[in-house]
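**Student:** I have a structure I would like to understand better, so I am pasting it below and will then ask my questions one at a time.
FYI, it's all coordinate maths here, none of it is from the lab. What you see is a predicted model; the values in this text were computed from it and never measured. Glycine also receives a Cβ, built like all others from the backbone with ideal geometry; neighbour counts cover every protein chain displayed.
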Amino acid sequence: MRAKIVILGLIYLLMLGSVLPAEKRDDFNPWQKFFTEPFEIVYVIMKDGATFPCTSNHETMVDMSIGKLEEKLRKVKGKNYNIKEIAVVIHNHRRKNYFTRGDYKQYKMLKKYGFNGLFLMYCHMTNKTYDIEG
């Protein structure tokens, strides 16, 4: 399943590459458009493409518990999502290009509840996206 997600992501990037001017391709990161706020935010992207932002409006952290996440997913009208249906969890760091202890803790908790998607972090300083397993 992970391979399917990566392949779909690569196809998406290839499609974007064909419409961007050549001089802009080198510094383009498709995740960058999600992170325009001056604080940290988490985006939960479901396997069907539905996207849910979560934030505490804090510059250096997001307070997102598993219970709150499950409740938010269940409340989607007609969907009744669960953690196993999450394809990507991506959050941003404004100043750090590494995963924090809290990030690893959150990742392990998500795995415990059946998460099998990508856990990513976008860094504003480097304009790069990092995979917790990479």
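**Student:** Using a 7 Å offset from the Cα along the Cα-to-Cβ direction at both Lys68 and Phe52, what is the distance between the two label points in nm, to one decimal?
**Tutor:** 1.2
**Student:** Tell me, in nm to one decimal, what length is gained between Lys111 and Lys128 on full extension, where the rule is 0.36 nm per residue of separation less the Cα-Cα distance?
**Tutor:** Once the chain is fully extended between Lys111 and Lys128, it gains 3.7 nm.
**Student:** In a shell of Cβ-Cβ distance under 11 Å around Leu110, excluding Leu110 itself, what net charge do Lys and Arg (+1) and Asp and Glu (-1) give?
**Tutor:** Combined, the nearby Lys, Arg, Asp and Glu give +3.
**Student:** Continuing with the same structure: Relative contact order of the stretch 32-120, please, whole-number percent, based on alpha carbon pairs below 8 angstrom and at least 6 residues apart.
**Tutor:** It comes to 30 percent, rounded to a whole number.
**Student:** Also, quick follow-up: What are the equivalent ellipsoid semi-axes of the stretch 57-121, built from the alpha-carbon gyration tensor (square roots of five times its eigenvalues), in whole angstrom, biggest first?
**Tutor:** Whole-Å semi-axes of the equivalent ellipsoid: 22, 13, 10.
**Student:** Under 13 Å between alpha carbons: how many lysine pairs meet that in the stretch 27-131, if sequence neighbours fewer than 8 apart on the same chain are excluded?
**Tutor:** Within the stretch 27-131, the lysine pair count is 6.
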